[in-house]
1. Can you give the relative contact order of segment A:174-319 as a percent, counting alpha carbon pairs under 8 Å and 6+ residues apart?
2. Quick one: angle between helix B:132-149 and the longest Cα principal axis of chain B, in degrees between 0 and 90, rounded to 10, please.
3. Rounded, prolate or oblate, given the Cα gyration tensor of the protein assembly as shown, with a/c below 1.5 counting as rounded?
4. Name the residue, out of A:Met287, A:Met263, A:Met213, whose mean-square fluctuation peaks in a Gaussian network model built on chain A with Cα pairs under 10 Å.
5. If you keep only loop residues by DSSP, which GluC sites (Glu not before Pro) in segment A:137-228 have at most 12 other Cβ atoms within 10 Å of their Cβ?
6. In whole angstrom, note down how far apart the Cα centers of segment B:145-195 and segment A:191-219 are.
7. Specify the inter-centroid distance of segment A:258-319 and segment B:46-86, based on alpha-carbon positions, in whole Å.
8. Once you average over the residues of B:20-28, how many Cβ atoms of partner chains fall within 10 Å of each Cβ?
Amino acid sequence: MPSLIQSLLLVIAQAIVLLSVSPFLVGLIRKVKARFQCRQGASVFQPYADLAKLFRKQPVISSTASWIFPATPYILFASTLSAGLLVPTFLSQTPLNFAGNIIALVYLLALGTFFLILAGLDTGSAFGGMGSSREALVASLTEPAMILSIFAIALTAGSTNLSTIVHKTALLEGIVTDPSPHLMALAALFIVALAETGRVPVDNPATHLELTMIHEAMVLEYSGRYLALIEWAAGLKLAVFLSLVANVFAPWGIATTLTPSAMGIGLVVYLVKIAGLAVLIGTIECMFAKLRLFRVTDLLGVAFILALLGLLFFYILRS
Amino acid sequence: MQISPHIGSQLVDLCSALLLLTCFAIVAQRRLSACVDLFALQSAFLVLTAALVAFLTGNHHIYIAAALTGVIKVVIIPRVLKKVIERLNVKRELVMNVNVPAGLLICGALVMLAFFITQPIIPLGFLLTRDSLAIALAIVLIGFFTMIARQKAVSQLIGFLVMENGLFLGATAATYGMPLIVELGVFFDVLIAALIAGIYTNRLQDAFDSVDTSHLTVLKE
């Protein structure tokens with residue numbers, strides 16, 4: 001059992017890893033897309049420079065905006081970061097694992113989305129309202145699929161605590177006897193991750209065209225440090241989802257003990273895994289076109305059915 | 001090299017689950033050419049499953065069946081279908097009797113049905129592949145459903161081929177493959193059926209300017 005100081009240091013270490021790795025992931029995806037389109041593309045470290053620039057700029061706030069508008073970036077950033085602290089990254093036992101399980105994780109992320117939707121409506125611009133309405137549609141459709149896919153995994157591990165799930169799977173204890181529920185849940189969670197982080201088949205993060213944007217339309221009114229926080233939080237959300245996919249389904253290599261060598265290996269393996277997933281997402285973005293908004297329900301319907309089947313397979317095959 | 005039966009059984013299960021996953025992709029897909037690609041992918045997973053079973057059990061005749069699946073279902077039939085689609089000049093499946101989300105829900109229910117039907121049988125089996133039996137039945141049912149739910153002849157043909165994939169997986173799962181001569185006969189039948197259906201689709205296009213099979217219920221002189 002780690003001591004209090006040690007826990008505190010681990011929490012800080014995890015926060016630093018998540019915060020520093022998230023702009024890199026965004027940059028990596030952009031680079032992969034650029035290479036596929038035969039462009040040189042900006043450096044993978046460009047998002048860091050963008051964030052630094054935005055933090056120096058003075059924010060402009062609409063005179064009709066209420067307190068929700070300036071408060072939202074902080075709420076979004078804090079809730080996403082605390083959700084990230086609940087997900088094991090390089091160490092299977094997160095020090096904050098007593099504080100919340102997967103249900104807390106899902107609703108911490110939903111809290112940020114909720115405030116972002118409110119902020120989109122707050123300034124009264126037409127685009128903001130449209131983006132909010134679309135985001136509400138997507139968020140309400142992804143939530144059941146996400147909860148069910150995570151429950152399917154929680155059942156096979158016998159706990160809703162993410163640390164316990166990852167720890168048990170990494171040590172090959174209580175790992176599923178049948179891979180089919182796992183595969184269904186993985187496919188569902190991956191679709192959910194694409195939808196929740198505003199990636200191509202659902203939303204296009206590189207666009208400012210009113211027909212296609214969802215996330216961008218909501219944050220159109222933000223500028224300066226508020227925009228920086230929102231962009232960073234979007235990157236963090238991506239990092240949280242990639243960690244979830246990488247560590248819940250393939251946690252091998254993660255540090256299961258507190259020795260420095262195990263943690264070093266865990267960190268390297270973690271970085272390789274999420275970088276690989278980011279490259280995969282970049283590839284998918286180049287291969288597929290964005291879906292029409294009313295086709296998004298079909299895609300998320302697939303995710304929901306797969307997650308439901310994953311859950312049912314568990315009961316049927318185990319009984 | 002030896003793989004423990006437990007791990008082997010899990011690998012076979014994983015491959016059959018991949019087959020089921022592509023079934024859902026086919027049901028959710030609207031574009032015809034993407035459906036054909038997904039069918040080719042599903043057949044590739046079937047080849048993998050069959051080769052894995054052949055490797056784990058040492059029944060070498062399954063290798064031949066797997067190779068035939070590879071040639072016929074991954075290469076020849078998708079090519080024929082692509083040609084047909086090109087000639088018909090239809091890119092999209094616009095006529096569906098059941099919309100996509102409802103279709104997916106029905107397919108989910110069919111998978112559950114398949115699992116409940118095979119549940120009494122599964123514990124009696126002692127084969128490595130016994131858990132795949134339920135998935136094979138589910139794939140047959142989904143293929144059947146695709147044939148009912150779609151109105152265009154090409155996607156009905158894909159439904160038929162998916163059903164056949166399910167049957168092959170079922171045969172591999174239940175008995176480690178049928179005798180080779182039966183497999184050869186089945187493959188020949190499927191190939192001829194796909195070719196005839198391709199020609200028939202072209203005739204349908206010539207006669208009605210559409211490949212909607214519901215026109216066939218109306219009598220014409």
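1. Relative contact order here is 40 percent.
2. 0 degrees
3. On the way: a/c = 2.26, a/b = 1.42, b/c = 1.59.
Here the protein assembly as shown falls in the oblate category.
4. Of A:Met287, A:Met263, A:Met213, the most mobile in the Gaussian network model is A:Met287.
5. On the way: sites: A:Glu173, A:Glu196, A:Glu210, A:Glu216, A:Glu221; in loops: A:Glu173, A:Glu210, A:Glu221.
Listed in order of number, the matching sites are A:Glu173.
6. Cα centroid of segment B:145-195 versus Cα centroid of segment A:191-219: 40 Å apart.
7. Distance between centres, Cα-based: 28 Å.
8. Numbers: counts 6, 8, 0, 0, 6, 2, 0, 2, 6.
For this peptide, the per-residue mean of nearby foreign Cβ atoms is 3.
A short reminder: the numbers here are calculations on the coordinates, not readings from a lab. Computed from a predicted model, the values in this text were never measured in an experiment. Backbone-built Cβ (ideal geometry, glycine too); neighbour counts: all protein chains shown.
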